[in-house]
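Single-structure report; data block below.
The values are calculated or read from the model by the stated rules, or taken from the named source; none is laboratory data. Small disclaimer: the values here were computed from a predicted structure and weren't measured. Neighbour counts are summed over all protein chains in view; Cβ atoms, including those assigned to glycine, are modelled from backbone coordinates with ideal geometry. These accessible areas exclude ligands, DNA and RNA; they are computed on the full protein's heavy atoms, side chains included. Shrake-Rupley method; radii C 1.70, N 1.55, O 1.52, S 1.80 Å.
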Amino acid sequence: MADLNQLKQKYQPVLDALHKEGGNVEAVDLQGDKLHIKATVDSEASKNRIWDAIKGVDPTFADLQHEITARQGDQIYVVKAGDSLSKISKHFYGDANQYQKIAKANNIPDPDKIKIGQQITIPAA
């Protein structure tokens, strides 16, 4: 029989990556003899970074059952300290150079002038 705590410890880097990506973790439990993780992340780019974490722990992930999905459609994002449109673009699209898409969707004439607390729409990829 699999040990839940042992598997959670093994896959802690994946859980840490989900937290770092702002993922909404819905379940971390046992399904049979596998650790089951169900979560939703902001984007396909975030999902890919979670995949990298999974493969970094165990390339075969034979003892892991995962359901990692990316949110669909446009999203609202609140600008935080240290953010730039290119950093936000990298998070959502996996490419910092897509920042113009965000600027255009939000009628931001100068991408260097965003404010903490500002709500912006992130167009679907």
Conditions (1) over 23 Å from T40 (Cα atoms); (2) open to solvent by 70 Å² or more (accessible area, probe 1.4 Å): number failed by A125: (1)
query: From the set of residues in region 62-112 that are of a type in the set (V, I, T) and either in contact with a His (Cβ under 9 Å, 6 or more places away or on another chain) or under 30 Å from G32 (Cβ atoms) (or both), which is surrounded by the fewest Cβ atoms within 10 Å (Cβ to Cβ)?
result: T69
query: Which residues, counting only those in region 1-44, are farther than 24 Å from I122 by Cα, in a loop (DSSP other than H, G, I, E, B) and not aromatic (F, W, Y)?
result: M1, A2, D3, G32, D33
message: Scan region 45-59 and tell me whether some residue there is assigned to a strand (DSSP E or B), of a type in the set (A, V, I, L, M, F, W, C) and either within 17 Å of the chain's Cα centre (by Cα) or surrounded by fewer than 18 Cβ atoms within 10 Å (Cβ to Cβ) (or both).
response: no
- request: Report whether or not D112 is in contact (Cβ under 8 Å) with a residue 12 or more places away in the chain, among the acidic types (D, E) and not in a strand (DSSP E or B).
  value: yes
statement: Exactly one of K101, K90 is over 21 Å from V25 (Cβ atoms), assigned to a helix (DSSP H, G or I) and touching a residue at least 40 places away in the same chain (Cβ under 8 Å), and that residue is K90
statement: Scanning region 15-43 residue by residue, those surrounded by fewer than 16 Cβ atoms within 10 Å (Cβ to Cβ) and within 22 Å of A96 (Cα to Cα) turn out to be H19, K20, G22
message: Tell me the residue from D42, D74, D52 that is more than 20 Å from A2 (Cβ to Cβ) and in contact with a Lys or Arg (Cβ under 7 Å, 6 or more places away or on another chain), please.
response: D42
task: Among the residues of region 69-87, write down those that are in contact (Cβ under 8 Å) with a residue 40 or more places away in the chain, of a type in the set (A, V, I, L, M, F, W, C) and either in contact with a Gly (Cβ under 9 Å, 6 or more places away or on another chain) or in a loop (DSSP other than H, G, I, E, B) (or both).
output: V78, V79
field: Residues satisfying the stated conditions in region 85-120, i.e. polar (S, T, N, Q), touching a strand residue (DSSP E or B) at 6+ places or on another chain (Cβ under 8 Å) and under 13 Å from D42 (Cβ atoms)
entry: none
